[in-house]
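Visitor: Dumping the structure here so I can ask a few things about it.
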Amino acid sequence: MEVLPCSRVAHIERTKKPYNNDIDYYAKRNALRAAEVWMDDFKSHVYMAWNIPMTNPGVDFGDVSESKYAAASSVPEL
């Protein structure tokens, strides 16, 4: 490896990932949690993008009530 002073960034990837191969499940879970906490009326867009039904998503994203409360209290009223 050669280090040169410039503004470019390089990424070195491993040949074998140390985590589970089914990363899609975790990506969906995180996307749904973020949508439920932060997106209010627009969370349906995330469900549509992932092609997941809103009534029974089939992905357990856990209890987000505390996160919703924290998010609501951290955003100033307009």
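The values are calculated or read from the model by the stated rules, or taken from the named source; none is laboratory data. Worth saying up front: this structure is predicted, and the values here are computed from it rather than measured. Heads up, the Cβs are rebuilt from the backbone with ideal geometry, glycines too, and the neighbour counts pull from every protein chain shown.
Visitor: Within the stretch 47-78, take every residue that is assigned to a loop (DSSP other than H, G, I, E, B) and over 18 Å from Arg29 (Cβ atoms) and give me the one that is modelled with the lowest pLDDT.
Guide: Filtering first and then ranking leaves Leu78.
Visitor: Any idea how many residues of the stretch 1-46 are at pLDDT 75 or above and either within 30 Å of Ser73 (Cα to Cα) or of a type in the set (Gly, Ala, Ser) (or both)?
Guide: Within the stretch 1-46, residues that are at pLDDT 75 or above and either within 30 Å of Ser73 (Cα to Cα) or of a type in the set (Gly, Ala, Ser) (or both) number 22.
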